[in-house]
Amino acid sequence: MLYDFGGVFTVSPFTFVREGGAQLGLDREVVMELCFGPYHEDTDHPWHRLERGEATFADTRAALVSLAREAGHEVDPLAVLMETAARSEDPQREAVIERALAIRRRRPDVRTGLVTNNIAEFGSTWRTMAPVDELFEVIVDSCVAGVRKPNPAIFELALDALEVTAESTVFLDDHPANVAAAERLGMRGIVVGADRLAAFDELDALRSSSSPDMP
């Protein structure tokens, strides 16, 4: 089993940016692009460089404000993300954690890992939001590994560390491009939507209809 973190164990950061942008009167997809760039690719966009550990949070913030201004928007995309997240609640978090822990209790032989696009400055924060040591045997963090989803290399790092094959692995993520990248390697993928528990229902259904090796 491989999981994303934000968007699976927390509300998706994409939701925060879209909602925050809408509150400012911005088109939801415009503010997504201003903050995250072409997220379905791995490029030299400031956010992508931040997730690969190639830039600091402060430098990235300045670069995003500059890019937004060039596009005709006086907005700080990272402020939109952080301020909306700070005001939000997550009623599903504990239930999602329990579903993932139940898989580990039910099938202790199943290897579990995390493949997360993350930033160094948030490292001490996101790890307090779930019992990561109980949930994951291996953590591949983009800002440490120097590679980010959807680059296939980040998935290969996780598979190698867990000593499992792509064909025996299921991957849950809230961005369709990341799931598609995992599927191209041979994994079975589940796109996690706003109702994150529904993804675990889909995982249960997949397990019931597949081989006994499924988690």
Unit Cα scatterers, Debye sum, the chain: log10 I(q)/I(0) for q = 0.08, 0.09, 0.10, 0.12 Å⁻¹: -0.28, -0.35, -0.43, -0.62
Fully extended contour minus Cα-Cα distance, from D201 to M129, at 0.36 nm per residue: 23.7 nm
Segment A86-A194, length gained on full extension (0.36 nm per residue, minus Cα span): 37.1 nm
Derived scalar couplings ³J(HN,Hα) [the range 130-143; Karplus, 6.51 cos²θ - 1.76 cosθ + 1.60; whole Hz; x for Gly, Pro]: 7, x, 4, 5, 7, 7, 10, 7, 10, 10, 10, 9, 4, 6
Vicinal HN-Hα couplings computed from phi for the range 105-111 (Karplus, 6.51 cos²θ - 1.76 cosθ + 1.60; Hz; Gly/Pro x): 5, 6, 10, x, 7, 7, 6
The range 1-63: Cα Rg divided by the 2.2 N^0.38 Å rule of thumb: 1.20
Cβ-derived FRET efficiency at R0 22 Å, A153 paired with E41, nearest 0.05: 0.95
Computed helical MRE - 222 nm, the chain, DSSP H runs ≥ 4 contributing -39500 (n - 2.57), nearest 500: -14500 deg cm²/dmol
Fully extended contour minus Cα-Cα distance, from F122 to D59, at 0.36 nm per residue: 21.2 nm
Relative contact order of the chain, defined on C-alpha pairs under 8 angstrom at six or more residues apart (%): 26
Carbon plus sulfur fraction of accessible area for the chain, probe 1.4 Å, in percent: 52
In Hz, Karplus ³J(HN,Hα) per residue of the range 50-61 (6.51, -1.76, 1.60; θ = phi - 60°; x = Gly, Pro): 4, 5, 8, x, 9, 8, 7, 4, 5, 5, 5, 4
Long-range amide H partners of D174 with built H, under 5 Å: V192
Per DSSP, loop GluC sites (Glu not before Pro) in the range 33-102 with at most 16 further Cβ within 10 Å: E41, E54, E74, E89
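The values are calculated or read from the model by the stated rules, or taken from the named source; none is laboratory data. This structure is a prediction, so every number in the text was calculated from the model and none was measured. When we count neighbours, we look across all protein chains shown, and the Cβ atoms used for this are built from the backbone with ideal geometry, even at glycine. Remember, those area values only see protein heavy atoms, side chains included, never the ligands or the DNA or RNA. Shrake-Rupley method; radii C 1.70, N 1.55, O 1.52, S 1.80 Å.
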